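Reviewing the structure listed below.
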């Protein structure tokens, strides 16, 4: 469930509350898995952020 909520873009704090965990680290460290596509997308966004403007 935590991975699905993450995939849907639900903030970590909201996921914690929905799942009823007392600490935000529980769903983040135990139940949420990062898929390869999400990892590539995040790295692409970082790359775009730091890309130098073209002349």
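For (1) outside any helix (DSSP H, G or I); (2) under 12 Å from the mean Cα position of the chain (by Cα), each residue gets a yes or a no:
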site	(1), (2)
10	yes, yes
16	no, no
21	yes, no
30	no, no
53	yes, no
If you scan region 32-41, which residues turn out to be assigned to a helix (DSSP H, G or I) and modelled with pLDDT under 85? 36, 37, 38, 39
Which condition does residue 48 not pass, out of (1) surrounded by fewer than 13 Cβ atoms within 10 Å (Cβ to Cβ); (2) touching a residue at least 12 places away in the same chain (Cβ under 8 Å), if it passes all the others? (2)
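The values are calculated or read from the model by the stated rules, or taken from the named source; none is laboratory data. These figures come from a predicted structure and were not determined experimentally. Here Cβ is always computed from backbone atoms with ideal geometry, including for glycine, and neighbour counts include all displayed protein chains.
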